[in-house]
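Working notes, structure below.
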Amino acid sequence: MLGVSASIAAYKAVAIASQLTQQGALVDVIMTPEAAELVRPLSFEAITHRPVAFEMFRLIDSEIAHVALARSADVFLVAPATAHTIAKLAIGLADDLVSATALSCQAPQLLAPAMESGMWQHPATVDHVKTLRERGWTIVEPGVGHLASGAVGEGRLAEPEQIVDVTKHVLARGGDLAGWRVTITAGGTREPLDPVRFLSNRSSGKMGLALAEAARDRGADVTLIWTSGADSVPHGVQLVEVEQAEEMRAAVLAALPRTDLLVMAAAVADYRPAEAVGQKIKKASGMLALDLAPTVDVLQEVSKVRGPDDRTIVVGFAAETESVLDNARKKLVDKRLDLVVANDVTIQGSGFGSDFNQVSILQEGEPDIDLPLLPKIEVAHHVYDAVLRMSGASRDPSAEFRA
Ligand code: CTP
């Protein structure tokens, strides 16, 4: 359910409705009558292919609109939320379809404010937002930028992508990974050579990011240990930034005691410069030989510290260029993995840097799951489907799994 109130930013709600629809949601838009003056309901109807409601006193399937709409919602997002609508929500007024539906709605609720800076910072608005937070509303904080008034300040509606991301996080409560603590590693480690250079690999971290988003969307408590900067981490995912294999080892071992599922998607360097020199290596004529020392194998370290009763599920990735399934199967055994995701990095359009991946999921004693070329987010969901099948479907890991 998307409630639109009468801010100039109401036109951005069309983008929100569009993104949610494209990602598979059924989006019912409701509007305040003033919002329907700013953006025609038809704009939303054309995108969601569902009727838009903005009149209070009408029936839907013989039931009064706000009650029927409130009952049908899995999540209720108000975007943009004006100062006036926020005030009504906080004190429980119900004189338009958006506020009346909110009052009657039992689903998780969130709002994205948009207003002029003075209104956003006014003690009345601050108090109302605090009240709503205490009542369980999630607030997608407004950004700083150009406002409709012409001023630059705080109060600008958050970007539609961000609002959609937070909505998915709120919607994830009760998903089939709810209660699971999932640790994911992603990206290629960087092993320093001198103050300006490092040795690394082609991993972009996209597969790990997709794994983090998919686990988050299924309700898991997600920690992402990654090497690629904090730009686009999904909302609600706890980020641990590392650079070198040694730092990744330390971060993984630190997370392990509170991890039900470890997914090692990172491309950890196998070698590092034996010595990182303190000064920039200067150009000279002739060849330059580098001494490389082996790094630690993080998964081997994990298998050493896991006792016989440890029930953490461990998933590894195997990036291969030849004998893909045989090499992956060897890693499954050698690294004591529960599942291995075999990745032929020579396939065009798959793997490193791509948004797509073609993998096989291997498990001891089970037939291989050979997947076609898929978006990485879908590959991630297949991995979790396999994990859930393996662990005996959805259950509360803290109660049963770790018992
Ligand atoms: N891995 C690890 N520590 C390393 C190297 C790899 O934990 N130092 C993990 C990766 O995160 C991945 C799995 O081991 O989940 C397999 O990684 P891969 O690079 O395919 O294999 P390697 O063990 O490095 O073997 P090789 O490079 O010889 O294929």
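The values are calculated or read from the model by the stated rules, or taken from the named source; none is laboratory data. Keep in mind that what you see is a predicted model, and the values were worked out from it rather than measured. Glycine also receives a Cβ, built like all others from the backbone with ideal geometry; neighbour counts cover every protein chain displayed.
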Out of the residues in the range 337-353 meeting the condition of being surrounded by fewer than 18 Cβ atoms within 10 Å (Cβ to Cβ) and small (Gly, Ala, Ser), tell me which one is nearest to the chain's Cα centre (by Cα).
GLY353
Limited to the range 248-285, what total is found for residues that are in a helix (DSSP H, G or I) and in contact (Cβ under 8 Å) with a residue 12 or more places away in the chain?
8
Only residues that are within 22 Å of the chain's Cα centre (by Cα) and among the polar types (S, T, N, Q): list them for the range 61-117, please.
GLN109
Quick one: what pairs do we get from the range 324-336, first residue surrounded by fewer than 16 Cβ atoms within 10 Å (Cβ to Cβ), second in a helix (DSSP H, G or I), C-beta under 6 Å, 6+ apart or different chains?
ARG336/SER303
I'm trying to understand the selection: among the residues of the range 195-244, which are in a strand (DSSP E or B) and surrounded by fewer than 19 Cβ atoms within 10 Å (Cβ to Cβ)?
ARG197, PHE198, LEU199, GLN238, LEU239, VAL240, GLU241
Name the residues in the range 307-323 that are under 26 Å from GLU191 (Cβ atoms), surrounded by 13 or more Cβ atoms within 10 Å (Cβ to Cβ) and of a type outside the set (Phe, Trp, Tyr), would you?
VAL314, VAL315, GLY316, ALA318, ALA319, GLU320
Name the residue that is nearest to the ligand (Cβ to nearest atom), counting only residues in the range 319-353 that are assigned to a strand (DSSP E or B) and at pLDDT below 95.
ALA319
Sort out which residues of the range 293-309 are within 13 Å of the ligand (Cβ to nearest atom) and free of Cβ contacts under 8 Å to residues at least 24 places away in the same chain, and write them in order of number.
ALA293, LYS304
The one condition in (1) over 28 Å from the mean Cα position of the chain (by Cα); (2) in contact (Cβ under 8 Å) with a residue 60 or more places away in the chain; (3) assigned to a helix (DSSP H, G or I) that ALA148 fails to fulfil
(3)
Qualifying positions in the range 271-280 - loosely packed, with under 14 Cβ neighbours inside 10 Å and either farther than 18 Å from SER200 by Cβ or touching a strand residue (DSSP E or B) at 6+ places or on another chain (Cβ under 8 Å) (or both):
ALA274, VAL277, GLY278, GLN279, LYS280
For the range 247-287 the number of residues that are within 9 Å of the ligand (Cβ to nearest atom) and under 25 Å from TYR384 (Cα atoms) is 9
Filtered residues of the range 286-303 (kept if assigned to a helix (DSSP H, G or I) and surrounded by fewer than 10 Cβ atoms within 10 Å (Cβ to Cβ))
none
Yes/no for ALA102 being surrounded by 15 or more Cβ atoms within 10 Å (Cβ to Cβ) and closer than 19 Å to VAL27 by Cβ:
yes
So GLY92 clears everything in (1) at pLDDT 95 or above; (2) on the phi < 0 side of the Ramachandran plot except one condition, right? Which one?
(2)
